[in-house]
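Just below is one structure, and these are the notes that go with it.
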Amino acid sequence: MRVLLIEDEERLAQSLARGLRADGFVVDVAVDGPSGLAAAIRDDFDAVVLDLMLPGLNGFSVCRALREARVWTPILILTAKTGEFDEVEALETGADDFLTKPFSYSVLVARLRVLLRRATRERPVVLEHESLRLDPATHRCSRGEVGIALTPREFGVLEYLMRAGGRVVSKDEVLDHVWGAEFDGNPNIIEVYVSYLRKKIDRPFGLESIVTVPGVGYRMSARGPE
Ligand code: CA
């Protein structure tokens, strides 16, 4: 099992790496956010152990960027901070588990083994809405037999709407999930992307699958009887 350890405290990183190697793990160490992120995207790890406070890019940003890059490697966040806020934020950024420092080495290994067991590399399921199909694993979109090329942002917006399963989602919600909470531009950018999407997935087929809910946001159209 190959583990990427992203931790800037050198002594902690060294001792964890030594322990994990002794327990049979293959361990790569990165000492800052950007190099950790690059390694996690480039190489195929079975799990990532991710410190929260890192130079360059913090653990939350690394986690979010990995999920946005469709890297589904299980992530265990190490945090020196305590409190419910961090837990929620960690889980919302796509982390699988977290551990508060100081922790015992045996607890870390136990948690890691749970994550590895759980990680049957579940691929996200293919999303369907009538004849529209969206496969997050391969990044493919099609309407019936027709393949549709989407940009990553278009794909992200459509995926978020389809995952909402008919629930109305606000522009802010889409922004948070597709652009990230750091985005501080105009939320109306969502309107632009929805119009791009309609030109690709709906209009050529004479359909209207993305419904505008004035003053609230968007939702996928109600499905007819199946
Ligand atoms: Ca740190």
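The values are calculated or read from the model by the stated rules, or taken from the named source; none is laboratory data. Note that the coordinates shown come from a computational prediction; the quantities given were computed from them, not determined experimentally. No Cβ is skipped: glycine too gets one built from the backbone with ideal geometry, and neighbour counts run over all protein chains shown. With ligands, DNA and RNA removed, areas are computed over all heavy atoms of the protein, side chains included. Shrake-Rupley method; radii C 1.70, N 1.55, O 1.52, S 1.80 Å.
Quick rundown of the values:
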| item | result |
| --- | --- |
| Residue under evaluation Gly180, criteria (1) open to solvent by 50 Å² or more (accessible area, probe 1.4 Å); (2) within 16 Å of the chain's Cα centre (by Cα), criterion not met | (1) |
| Residue match in segment 138-148 (condition: free of Cβ contacts under 8 Å to residues at least 12 places away in the same chain, within 23 Å of Thr73 (Cβ to Cβ) and surrounded by fewer than 14 Cβ atoms within 10 Å (Cβ to Cβ)) | yes |
| Among (1) under 23 Å from Arg113 (Cα atoms); (2) open to solvent by 60 Å² or more (accessible area, probe 1.4 Å); (3) within 14 Å of the ligand (Cβ to nearest atom) - the single one Thr79 does not satisfy | (2) |
| Number of the exception - Pro74 against (1) under 30 Å from Arg153 (Cα atoms); (2) at pLDDT 95 or above | (2) |
| Hits in segment 77-106 (condition: modelled with pLDDT under 90 and part of a helix (DSSP H, G or I)) | Glu84, Phe85, Asp86, Glu87, Val88, Glu89, Ala90, Leu91, Glu92 |
| Complete set of residues in segment 15-68 that are assigned to a strand (DSSP E or B), loosely packed, with under 15 Cβ neighbours inside 10 Å and within 16 Å of the ligand (Cβ to nearest atom) | none |
